[in-house]
Structure formats: C-alpha cells, structure tokens
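S.K.: Would you mind keeping the following structure in view while I ask a few things?
Derivation of every value follows stated rules applied to the coordinates shown; laboratory data play no part. From a predicted model like this one, the values you see are computed outputs, not experimental measurements. Heads up, the Cβs are rebuilt from the backbone with ideal geometry, glycines too, and the neighbour counts pull from every protein chain shown.
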C-alpha cells in the first residue's frame, strides 16, 4: 500500500490468525520484530526452520540483535530462491514497550522501502499473546508512519512506495485494532503534511480553510474570528503578532460533541504559519524551517480528526491562533505595550516571543467558551533544542 494518509485505509493487506508456515515461505520478505524475551518462542511458532536457525545463530554471536533500535538484514535461501529477512529489535525487560515496537516498525518500513520490497510477512512473537492488542496497534502505526514521505512540492511527480504487509497475529478482534490504528496514523500523516508545506502555501487563511473542511467532513461546529471581530474582543496580543504580515491573522474554533452536555476540554494550538522573528529577526541559517511554527495548530487539527473519526465519547474544542510573524513597516516593535483580551498589558521585549502572545488570547477565548480544562500546544523552541 502507499504509506501516506490517502491510502491508510489499506493499512494491512491481510491479518492471519493461526497462520501456516506456507504463508511465510511464500512471502517475498519476512520482517521479524523481536525483544530479547521473544527469542525462545521462535521455535514454538510456524516459522521456517532455516529462518529460526539463522536468527538464533546470529543472536548467540550478537546480543545486540534484539536491542532497541537495532535493524539486521539477512538473506535466506528459501525454496530455490533468496528471501530477505529483516530483524528489528525492540529491547529487553522494561524496554519491551509498545513505543519501542512502534519505532522498530518505522525503521523496518524505511528499510523495506529502500530495498524496494513490495510485500512482507510481519511476524512478532509478542502478538501471539491475546492480551497484547496495544502492541498490534503500535506495530501498525509504526509501519505506516515510518514509510511516510512528503513529495507534493517536487517538480516531477514521483511514484509513491507501495508495500503490502501481512501481519501474523493471534490478537482477538485484530481487524478493529488495526482500523483504529489506521485512523491514528492517518491523522498524524495529515498533520505532517500541514507542517511540511512551505509558508507560501500555508497561511493563516489556509489553516482556517483546512479547519473548516475538517469540520464539514465530520459534522463539527466551526467558527472563525477575523481581524475586526478580534479587535472588538480586545485580542490585541494576537493581533499585534500578525500586524506585520499581508496575511491577516485569525482565530478558529472547532467543537466536537461526543458526550452530550459533558464539559469541554480545549486544545489550543499555536499557529504561526511562518516565524521570521519579526523586527527581532532570526538568523538566516535554517530560517526556512520556521514554516513549522504552526505545528501546534496542526496537531490540534490532527487530534480532532482522529477523535471525530473514532467517535470518541468526549467533548473537545480545538482552538487555533493563526498568524504570520513578519517584519514590515506595520509590524510590532520591541518596547511596544499591548493589552490582551483578559485586560493584562504586555510589554514586548522581543517580537520573537510571539507564541505566548497568540496563546494568551486563544487560551482566554477557550475559557470564555466554557472549557473546563485547557491544554495549550505550542512548538519546541530553538532554545530548548539547544539545551
């Protein structure tokens, strides 16, 4: 399948419960996911003996075979042909967690695509345990997310990688588990696409359009506050950040109601579609990466997409504060004093501290809308990355 959100609905070609050895023998390739404690169980599964012998022999010589993050590529003679076997480790003891399996699946997916493999049988002894449905979900998510590629801005269209997975599982209701994992992976890929698009393609108005399309698709409430409406509400913190750009700022709200009259939790996302730093301009090196300063808002939209698709019984409002932080004759200056919607005045020391300003008005608006809990989602700052 194509490993992107457009084809995530074809997540798994088949789920085999009580599989036969033949299904592995006939596969173009085999991908084994192993923790250290899984190794003894290989002999108890219907895995071809030559694969088991090769893996156990390698494990005796190399203890890192099952280490978290390890990836080992083998070629096995199988019925007069060569079969590729990839062994992906995800740790031992307490390391044997779903997230490490998810990471291992991502690494394996990238390796399979690089090797131009079209089909693989996925085997993980841990999935023989009926109580490990959450491991199956993590594995499926990792396979899709690991193969994600963003190619829409390339001049020449490229064929997307196609990879069919046959996941061998003993998990009851595996189809439901995989369907839910598919929704989560789809939402993540949707957010990744938003974040990866450049600033000239994703402006505050484009974010609003994406939010509106999402609300329409899943029958959610939608509201947009433009500059005039925000001025009337006194949102001068958010407005100050966006006043230097030709693209006007906006504040967008989506409401998902899946729990009747229950209180709402608000996800409030920072949506700076490009952050030049404003008058306190950033260094030119890698400034292009500042297109991703709307990742908080993108994550809010992705979360709402998954919540609505899964029909989770909860009430969530997503609020995204969208602006472009640019230097110009109309931009805010260091030393300016503006009043936020809650009545507090803010002295601008650096115009590159714009995230807290847009979130100040957005969090206030979430509370005004009656949110019982508020989670604000910004962007990891350069200072934190350096630290």
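S.K.: Calculate, axis by axis, the spread of Cα positions in segment 194-325 along the three principal axes, and write the results as whole Å, longest axis first.
M.R.: Sorted largest first, the three principal extents are 48, 33, 20 Å.
S.K.: Between rounded, prolate and oblate, where does the chain land on the alpha carbon gyration tensor, with a ≥ b ≥ c its root eigenvalues, rounded for a/c under 1.5, else prolate if a/b exceeds b/c?
M.R.: Cα axes put the chain in the prolate bin.
S.K.: Let me ask something else about it. Restricting to Cα atoms and excluding each atom paired with itself, what does the Kirkwood estimate give for segment 261-387 in Å?
M.R.: Mean inverse Cα-Cα distance, inverted, gives 15.7 Å.
S.K.: How would you rank 285, 64, 293, 226, going from fewest to most other Cβ atoms within 10 Å of each one's own Cβ?
M.R.: Ordered by Cβ neighbours within 10 Å, fewest first: 285, 64, 226, 293.
S.K.: Could you please rank 202, 25, placing first whichever residue has the fewest other Cβ atoms within 10 Å of its Cβ?
M.R.: 25, 202
S.K.: Of all beta bridges DSSP finds with both residues in segment 185-337, what is the antiparallel percent, to the nearest 5?
M.R.: The answer is about 55 percent antiparallel.
S.K.: Calculate, for residue 259 and residue 45, the FRET efficiency according to 1/(1 + (r/R0)^6) with r their C-beta to C-beta distance and R0 41 Å; round to the nearest 0.05.
M.R.: 0.45
S.K.: Given axes a ≥ b ≥ c from the Cα gyration tensor, I'd like to know whether segment 107-227 is rounded (a/c under 1.5), prolate (a/b larger than b/c) or oblate.
M.R.: oblate
S.K.: So for segment 5-181: antiparallel DSSP bridges make up what percent, rounded to the nearest 5?
M.R.: Antiparallel bridges: around 30 percent, rounded to the nearest 5.
S.K.: Calculate the spin-label point distance for residue 64 paired with residue 311, positioning each point 7 Å from the Cα along the beta-carbon direction, and give it in nanometres.
M.R.: Placing both labels 7 Å beyond Cα along the Cβ direction yields 4.9 nm.
S.K.: Within a 10 angstrom radius of the beta carbon, how do 117, 254 rank from fewest other beta carbons to most?
M.R.: 117, 254
S.K.: Related question: Determine the relative contact order of segment 5-181: mean sequence separation of Cα pairs under 8 Å and six or more apart, normalised by residue count, in whole percent.
M.R.: Reported as a whole number, the value is 30 percent.
S.K.: Still on this structure, please answer the following. Packing-wise, with mean Cβ within 10 Å as the measure, how do 233-241, 186-194 rank, highest first?
M.R.: 233-241, 186-194
S.K.: Cα centroid distance between segment 278-313 and segment 324-354, in Å?
M.R.: Measuring centre to centre over Cα atoms gives 21 Å.
S.K.: Now, a different point. Quick check: the distance between the Cα centres of segment 163-217 and segment 76-122, to the nearest angstrom?
M.R.: 23
S.K.: Right, here's the next one. Name the residues of segment 348-369 whose amide N is less than 16 Å from a point 7 angstrom out from the Cα of residue 384 along the C-beta direction?
M.R.: Residues 353-360 qualify, since their backbone N sits under 16 Å from the label point.
S.K.: Another one. Out of all DSSP beta bridges with both ends in the chain, state the antiparallel percent to the nearest 5.
M.R.: Once the DSSP bridges in the chain are tallied, antiparallel ones form about 45 percent.
S.K.: If the viscosity is 1.306 mPa s and the temperature 10 °C, what translational diffusion coefficient in µm²/s does Stokes-Einstein give for segment 5-181 when Rh comes from Kirkwood over Cα pairs?
M.R.: 97
S.K.: While we're on this one: Quickly rank 94-100, 136-142 as a protection proxy: mean count of other C-beta atoms within 10 Å, highest first.
M.R.: Answer by packing, highest mean first, reads 136-142, 94-100.
S.K.: Could I ask something else about it? Relative contact order (percent) for segment 66-123, with alpha-carbon contacts under 8 angstrom and 6 or more residues of separation?
M.R.: 32
S.K.: Under 1.5 on a/c is rounded, so check that first for segment 171-258, then, if it is not, pick prolate when a/b is larger than b/c and oblate when it is not; a ≥ b ≥ c are the square roots of the alpha carbon gyration tensor eigenvalues.
M.R.: Because a/c hits 1.5 or more and a/b exceeds b/c, segment 171-258 counts as prolate.
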